[in-house]
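Here is the structure we will look at, set down as structure tokens.
The values are calculated or read from the model by the stated rules, or taken from the named source; none is laboratory data. All values reported here derive from a predicted model rather than from experimental measurement. Cβ sites come from the backbone with ideal geometry, for glycine too, and all protein chains shown count toward neighbours. Calculation scope for accessible area: heavy atoms of the full protein, side chains included, ligands and nucleic acids excluded. Shrake-Rupley method; radii C 1.70, N 1.55, O 1.52, S 1.80 Å.
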Amino acid sequence: MGIAVRWLGMNSDHPDICDYEGSNYQERFWGSGARRYEDLVEAIALRRLLPAKGRKLLEIGAGAGRNTRRYGGFEKIVLLDYARSQLEQAQLHLGKSERYIYVVADAYHLPFAHASFDAATMIRTLHHMVDPRAALQEVRGILGRGGIFVLEYANKRNLKAIARWLLSKQQWNPFAIDSVEFAPLNFNFHPRALRNWLQESDFEVSRQLTVSHFRLNLLKRLVPLALLVALDSVIQWSGGMVQLTPSVFLQAEVLSGPSYQEEAFWRCPVCTSENFEDLDEGLHCQGCGRTWSLRDGIYDFKHPIRE
Ligand SMILES: C[S@@+](CC[C@H](N)C(=O)[O-])C[C@H]1O[C@@H](n2cnc3c(N)ncnc32)[C@H](O)[C@@H]1O
């Protein structure tokens, strides 16, 4: 993965982006089966936190669509990712059905109208955000009142980090509220910081689940997968009291603002106009005159075909 080149919607102080273009992440990270345990316990957490049904769900940082089939109760699912190649992989395994809309765009500049979704998810993506607050504010904007946001984040205050810190094997303090960049463009966050940012963005955190309690290679080798998953599933509920796992899932609800607008959809990420003309080649923004392409079933809000 590299750092993304700037696109026209970015000004010079736009946060850097962790660019997955051309990456074989899905195959390399998940394909070998070594993370089957993590995948299964994440599926359980998602099932617990997502409403059983809904209208339009936005999956931010959808990647190759590993989780998309888990949003079965929603009528429309929009998969958004900065990397077109990730969405091409998602399209290969999910297909070109009307139910899925593939969108190349930046999480800091979501190309959607206010209150145009009733649910959103962001799984294993916030940890790439230099400015997580800005990203969370964007999510807040596209959700209607009563909308549900399911977020997974990497927790710096996890047992392994605490043990390493106590043994002086790690310099950063897992109890300090600031974020830690453990590798370029990879951040771990403190649970309290996350809750503060969500609150500032007018979300109310309604539930928290701790996930991947047994993310240790030795345990994963010695204990049968089904048993590890069952134990994790039971302990996930303790996340309502304390969060000490490397991964935390939470559900946040929007309590104010306009309710979900069924008809609302696009918003230009550059000029913010919500008026578009539908063309065969893409979407023509009536506000700034740019045309955003639709090619092979994938909308592209990074590179306009006409300005
Ligand atoms: C670790 S992958 C996770 C993919 C998927 N959510 C999963 O759990 O399998 C992170 C994804 O976030 C995307 N991403 C990172 N920064 C982004 C941004 N600023 N806007 C949109 N997507 C972004 C990457 O392209 C990548 O596909």
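Here Ala163 clears all of (1) within 15 Å of the ligand (Cβ to nearest atom); (2) under 22 Å from Asn188 (Cα atoms); (3) open to solvent by 40 Å² or more (accessible area, probe 1.4 Å) except the condition numbered (1).
Annotation note: Cβ proximity below 8 Å between a residue of the stretch 141-156 that is at positive phi and a residue that is open to solvent by less than 10 Å² (accessible area, probe 1.4 Å) (sequence gap 6+ or interchain) occurs for Gly146/Val254.
Table: residues versus (1) touching a strand residue (DSSP E or B) at 6+ places or on another chain (Cβ under 6 Å); (2) more than 22 Å from Arg124 (Cβ to Cβ).
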residue	(1), (2)
Leu228	no, no
Ile235	no, no
Ser247	yes, no
Ser259	yes, yes
Val270	no, yes
Leu279	no, yes
Leu283	yes, yes
Pro304	yes, yes
Glu307	no, yes
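Let me confirm something: among Leu46, Leu58, Leu40, Leu50, which residue is closer than 20 Å to Gly95 by Cα and at pLDDT 95 or above?
Unique residue meeting the criteria: Leu58.
Restricting the stretch 125-140 to residues that are farther than 25 Å from Glu274 by Cβ and either part of a helix (DSSP H, G or I) or free of Cβ contacts under 8 Å to residues at least 60 places away in the same chain (or both), which is nearest to the ligand (Cβ to nearest atom)? Out of the qualifying residues, it is His128.
For the stretch 24-46, taking the residues that are within 22 Å of Ser233 (Cα to Cα) and basic (Lys, Arg), the one that is farthest from the ligand (Cβ to nearest atom) is identified as Arg36. Residues in the stretch 200-257 that are under 20 Å from Glu38 (Cβ atoms) and among the aromatic types (Phe, Trp, Tyr): Phe214, Trp237, Phe249.
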